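Have a look at the structure below before the remarks.
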Amino acid sequence: MTTPAADFTLSPHTGWTREHWEHAADTLLAAVRPYAGPGHSLINLPGPASGSGTHSDGLEGFARTFLLAAFRAAGTTDPQLAERVLAPYAEGLATGTDPASAHRWPRPAELPQARVEAASLALALHETRPLLWDRLPAPVRERTADWLYEVCGAAVPPNNWVWFRAVVSAFLRSAGAPHAPGDIAHAIDVTEQWYAGGGWYSDGTRSPGHLRNYDHYNGWAMHLYPLWYTRVAAGHADPADAERYRNRLSAFLDDAAHLVAANGSPLLQGRSLTYRFAAAAPFAAGALFDASAPSPGLLRRAASGMVRHFLEHGATAPDGLLSLGWHHPFPRIRQRYSGPASPYWASKAFATLLLPAGHPLWTAPEEPLPVERGDFVRTLAAPGWIAAGTRADGIVRVANHGTDHTPPDRPARDDPFYARYGYTTHTAPELAPLREVPATAHPDPEAHARDGDARYTDPADLDQLYDSHVALLTEDGVPSQRTPFERVALAEGTGVSRHRAHWPPPADGTAGAADRDRWPAGPRITTASLLHGPWEIRLVRVTADGAAPAAPPPRLRVGGHALAAATPPDGDTTPEAALVRRPDGLISALFVLHPGEGTPALHWDRDTNAFGPHSATPYYLTPRPLPYGHLHAVALHLGNPGPGAPPLTPPTLTVTGSAPRTVTAHWPDGSTSALTL
């Protein structure tokens, strides 16, 4: 298939048009066809099986690519193309729902993951109703409805999964089949409990009233499914619900656009990152559901930029299949629920194709992203983030003082995708291997990382906690954990949080491993972030605060952004700073500001980072235990100053007073900002 020519008149930032989206969809669908089994019901892609097993993975391959095929077929004006795209899926429906077939699907009553995939089937069937559903033989329609009905009333986790049941029931109702109105009512009700304001939803909660689960599921699930429910339910949906969901999506997209880099990369934070450009789905939904903002040109700019970014950075090379990874294959990014076909939730981005060629999404000129319009510092209140974007290099950075995906009342292990102090569009957290931990290792499921992610299960893994982290070290050098932490303050350019340092025991089933109330707990750490341009000043104060004081107080370690590349990046240290530079000019640096002593250094790693096999993290380590209440400050830099730029000039700090203390940052551009502690 020939790649369409770029159109930089209509799309000055990406060059992409609707034809590029069609070409990408066709290429992705063609790549999976050789892996369809007999009867086309199961698509078994190569790679490690998910925790649900290979049978489930085959269904996942069918359902998630069926969603892509449905968008492609429903959006074309070529009936022959639509029939050709949908033909194998029509056959797959007949085979997969046949209980006598050796190639049947696992049933939702048997397998929880099938309840997830049922939602994709329902959406795909709805969008292709006149092309496929209405043409299926009556026995196949009946078997498909019976299979979907097993989702109704089935147990689901208290998060975005409630909407899988709701959209299935909405489709069944539209087809005149038995359904579960209670599933729909429940999803609508709990979604209101999870709404945090400003367009943001928490993806459920593990502790009623505490909303702490923020990631890309906010866009590709919590906004997508409620609105799609109203589309499937048609006259049965309350118009007030549709209007409310649409207004919230508009508000969310205003924030979400600020989290996209100029190169099209979304923020690398949260679970299921192997879904990649599924992060474009809320922008597609903004056009599909007539959200009042942003404009069509900005929606296309963001969505096209994301899809193009991943396709041009090796997400499908060399066999055309979406791999488990970020850019290139990177197995450590997967979670236990991730199988070879999991990345095809990326299909959600292609909802754009449901809009005809004459829609403003396709005809309006592309508009620049916020980071392309100028530097910004933006407060995202619901997730507790301060975002900073710089036009010169197109990078977006986030300081995290509100999201840890953890109940607030008991200590837990840090999840690298949630508990870091900083996330960006150009760096990734360092990841330990995905270890298979026996179910008996922890009677308390919160004693290890959530969502099936069992990283950091022994002290050796904890050595990875350098990047974007603040930790106290035991005498043996084991770093403390942050989770859960408490938001203290959030203002323009400034975020403050605190937590009690704790050290989980090994996840080996030994006595006390599950009794988190008895985990070794230490001093309290209060941390503040001041953001400006490519800089973050990170302030740290350690207080005994009711904990048994260590004798002497533990040493403190503060880590900057991990920088990764295909070859080892260049590194340099001085008594004041540690700096690492990638071949493309991207720099991660740490400067010691206060107390003016310490040991800046670099931590090197291999095969731990989604951006490349070689990575390095600048960090600061106190030279000796310092008294409780002492103020520590470092300046962190992430940016690309370009070739020939002078050496970095860090900000400086003025500290006045004692209780309270006022910290004034003097930024390199001459501006200042202050924070009272």
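No value in this document is a laboratory result; all are computed from the given coordinates. Quick caveat, the model's predicted, so the values are computed rather than measured. Here the Cβ is made from the backbone with ideal geometry for all residues, glycine too, and neighbour counts use every protein chain on show.
Can you give the local net charge around R524? Use residues other than it whose beta-carbon is closer than 12 angstrom to its beta-carbon, Lys and Arg +1, Asp and Glu -1. Don't skip to the answer; put the middle values down first.
Values: positive: R482, R498, R500, R541; negative: E486, D545.
Surrounding charge for R524 is +2.
Rank the residues S671, S342, S480 as a footprinting-exposure proxy: fewest other Cβ atoms within 10 Å of their Cβ go first. It would help to have the intermediate numbers written out before the result.
Numbers: S671 11, S342 24, S480 28.
Exposure proxy ranking, most exposed first: S671, S342, S480.
Helix by helix through the chain, keep the DSSP H runs that span 18 Å or more along the axis on Cα and average at least 0.5 on Kyte-Doolittle, and give those back in order. Don't jump to the answer; show the numbers that get you there.
Values: long enough: 18-32 (22 Å, -0.27); 54-74 (29 Å, 0.31); 79-96 (25 Å, 0.10); 112-127 (24 Å, 0.25); 162-174 (19 Å, 1.08); 181-193 (19 Å, -0.24); 239-256 (25 Å, -0.95); 296-311 (22 Å, 0.25).
Long hydrophobic helices here: 162-174.
Set the Förster distance to 45 Å, then compute FRET efficiency between D570 and D290 from the Cβ-Cβ distance, nearest 0.05.
Numbers: r = 50 Å, r/R0 = 1.10.
Efficiency, rounded to the nearest 0.05: 0.35.
Cα gyration tensor of segment 275-414, axes a ≥ b ≥ c as square roots of the eigenvalues: rounded (a/c below 1.5), prolate (a/b > b/c) or oblate? Don't skip to the end; give the middle numbers.
Values: a/c = 1.67, a/b = 1.14, b/c = 1.47.
Oblate is the answer for segment 275-414, as a/c is 1.5 or above yet b/c matches or exceeds a/b.
Neighbours of S41 by Cβ distance under 10 Å: Lys/Arg scored +1, Asp/Glu scored -1, total -1. Within segment 85-125, the GluC sites (Glu not before Pro) that combine a DSSP coil assignment with at most 15 other C-beta atoms in a 10 angstrom radius are E110. The Cα trace of segment 295-378 gives Rg and Dmax of 15.7, 42 Å, the first to one decimal, the second as a whole number.
Shape class for the chain: prolate, because the ratio a/c of the largest to smallest gyration tensor axis (alpha-carbon atoms, square roots of eigenvalues) is 1.5 or more and a/b beats b/c.
For segment 198-303, the C-alpha radius of gyration sits at 1.06 times the compact-globule guess of 2.2 N^0.38 Å, with N the residue count. Compactness of segment 32-121 was expressed as the Cα radius of gyration divided by 2.2 N^0.38 Å, which yields 1.07.
Over the residues of the chain, the helix contribution to mean residue ellipticity at 222 nm works out to -8000 deg cm²/dmol, using -39500 (n - 2.57) for each DSSP H run of at least 4. Evaluating 6.51 cos²θ - 1.76 cosθ + 1.60 at θ = phi - 60° for every residue in segment 209-214, the Karplus couplings come out as x, 10, 9, 9, 9, 10 Hz, glycine and proline recorded as x. With the largest listed first and rounded to whole Å, the semi-axes of the equivalent ellipsoid of segment 546-671 from the Cα gyration tensor are 29, 20, 11. Eigen-decomposition of the gyration tensor built on the alpha-carbon atoms of segment 18-370 gives equivalent ellipsoid semi-axes of 27, 24, 21 angstrom, largest listed first. Peptides 38-44, 327-333 ordered by packing proxy, namely the average of other Cβ atoms within 10 Å per residue, highest first: 38-44, 327-333. Relative contact order of the chain, taken over Cα pairs closer than 8 Å and 6 or more residues apart, is 10 percent.
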